[in-house]
Amino acid sequence: NPSDAVATDPVPLLIGTNLDEGTLFTLDLPEEITDSQLRRAVESGGHDTDRVVAAFKAEYPGETNRQLLIHMLGDTLFRSASLRVADAQATTDTSVWVYLFTWQSQGFHGMFGAMHALEIPFVWNMPLEPWGQLLGEGEPWPPDLADRMHRAWISFVHTGNPNHGGIPDWPRYDTDRRPTMEFGDTSRMLDDPQGRTRAG
């Protein structure tokens, strides 16, 4: 239970997810997914099927059922759980800071996007293999993004606060605004990004 966990070990928390968490785990999905298959996948998780499907279609208009299912899986595996922890800690006196990593990798024809774990070399400011292959042949390492993220993590380690001069002001997370720092081609503050699917 997230509420119990943050109550028993109250430490400042920096937590977030990547925009395309599900792409790495769905390579074997068929290219075509019917409406009934999409609905069965949602039903298998015990959710309100109509509400969930409507929320994802509203959040990602024009995307195929396959793309919607990839987003759903990423939310189920990573985003929903991380936000439950953030929400629980936001009710305490201990700070929590939330980010969303959106930089799109160009390797493999861009099929992975901002995939699971892609943020790791940016946090360390080191273009480590195998992540380097995801940049795409001839694509430069984006040093500005790496600098922004690395400095935020270093600041958090030293002070419990990820703010530094290279990013916009990053307020503590709360359950009203749900302020979230985007790390992508630029950094900007977002309030409740992908709010439809979070609430759905």
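The values are calculated or read from the model by the stated rules, or taken from the named source; none is laboratory data. Predicted model only: the values in this text are computed from it and were never measured. Glycine also receives a Cβ, built like all others from the backbone with ideal geometry; neighbour counts cover every protein chain displayed. Ligands, DNA and RNA are excluded from the accessible area calculation, which covers all protein heavy atoms including side chains. Shrake-Rupley method; radii C 1.70, N 1.55, O 1.52, S 1.80 Å.
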_For segment 16-44 and segment 98-125, what is the centre-to-centre distance using only Cα atoms, to the nearest Å?_
19 Å
*How much net charge surrounds ALA55 when only the other residues with a Cβ under 14 Å from the Cβ of ALA55 are counted, with Lys and Arg +1 and Asp and Glu -1?*
0
*Return one whole number: the accessible area per residue of the chain in Å², for a 1.4 Å probe.*
53 Å²
*When only Cα pairs under 8 Å and 6 or more residues apart are kept, what is the percent relative contact order across the chain?*
27 percent
*Obtain the nm distance between the two label points defined at HIS158 and THR91 by a simple spin-label model: each point lies 7 Å from its Cα along the Cα-to-C-beta direction.*
3.5 nm
_Per-residue [θ]222 nm for the chain (sum of -39500 (n - 2.57) over DSSP H runs n ≥ 4, rounded to 500)_ = -11000 deg cm²/dmol
*Could you tell me what percent of the accessible area of the chain is made up of carbon and sulfur, with a 1.4 Å probe and every protein chain present?*
53 percent
*Counting Lys +1, Arg +1, Asp -1, Glu -1, what net charge surrounds ARG196 among other residues with beta carbon under 15 Å of its beta carbon?*
-2
*Convex hull over the Cα atoms of the chain, averaged projected area in nm²?*
12.0 nm²
*Only loop residues by DSSP count here, and only those with at most 12 other Cβ atoms within 10 Å; note down the GluC sites (Glu not before Pro) in segment 26-134 that meet that.*
GLU31, GLU32
*asked:* Let me check I've understood the local charge: for THR102, count other residues with C-beta under 9 angstrom from its C-beta, Lys and Arg +1, Asp and Glu -1. What total comes out?
replied: -3
*Quickly work out the ASP4-to-THR175 label distance, labels modelled 7 Å from Cα along the C-beta direction, and quote it in nm with one decimal.*
1.8 nm
*Zone of ALA58 (label point 7 Å along Cα→Cβ, backbone N under 13 Å): which residues in segment 177-200?*
194-200
*Please give the solvent-accessible surface of MET111 in Å², to the nearest 10, using a probe radius of 1.4 Å with every protein chain present.*
110 Å²
